[in-house]
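All remarks here apply to the structure that follows.
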Amino acid sequence: MPLSPRRLAERGFNQALLIAEGLADDFSLPLHRMVLARIRETRPQTTLPWKARHDNVKGAFAATSALQGKNVALVDDVMTTGATLNEAARALKKQGATRVSAWIIARAEKELSTAGWETETFAPHV
């Protein structure tokens with residue numbers, strides 16, 4: 001999952017890319033670092049309510065290569081709402097990818113308060 005240049009400079013590394021490199025090596029899969037680009041700066045998803053996250057990443061990605069007939073695996077560290085992965089997959093399919101799979105390390109979920117309303121606290125899915 002590509003980061004914006006600003007976010008990459010702040011963090012100093014792309015954790016999803018580090019995970020993808022390990023997976024590609026372990027499973028002898030090709031790794032194409034430049035097939036997907038973040039073309040629009042977005043606010044960090046963790047700062048937004050769940051319902052605003054889709055709009056935040058809309059149009060944020062573009063595939064940089066023709067992908068006709070290709071199966072693509074997107075690698076990310078954590079999936080919360082799936083908005084970022086869905087938008088990235090949309091960009092890849094627009095360039096002809098036949099299938100896009102999401103490979104994630106962790107899944108976060110909304111937690112319900114004892115009153116029954118949703119909070120912004122995330123609990124890992126086990």
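Once you keep just the Cα pairs under 8 angstrom separated by 6 or more residues, what percentage relative contact order results for the chain? Mind showing how you got there, number by number?
On the way: 189 pairs, mean separation 26.7, N = 126.
Reported as a whole number, the value is 21 percent.
Annotation: amide H of TRP103 within the under-5 Å range of LEU74, VAL75, ASP76, sequence separation 5 or more or interchain, hydrogens built in the peptide plane.
Under 5 Å from the amide H of ILE39 lie the amide H atoms of PHE61, ALA62, each residue being 5 or more positions distant or on a separate chain, with H modelled from the backbone and absent for Pro and chain starts. Residue-wise HN-Hα couplings along the range 20-31, as the Karplus relation 6.51 cos²θ - 1.76 cosθ + 1.60 with θ = phi - 60° gives them from phi, are 4, 4, x, 5, 4, 5, 4, 9, 6, 10, x, 10 Hz; Gly and Pro carry x. The angle between the Cα long axis of helix 83-94 and the longest principal axis of the Cα atoms of the chain comes to about 30 degrees, rounded to the nearest 10.
Here the range 71-88 and the range 1-52 have alpha carbon centers that stand 10 Å from each other. For the range 5-124, the share of DSSP beta bridges that are antiparallel, to the nearest 5, is 45%.
Note on the chain: Rg/Rh from Cα positions, Kirkwood definition for Rh, rounded to two decimals, is 0.99.
Where a number appears in this text, it was derived from the coordinates with a stated rule and is not lab data. Bear in mind that the values here come from a model prediction, so they are computed numbers and not experimental data.
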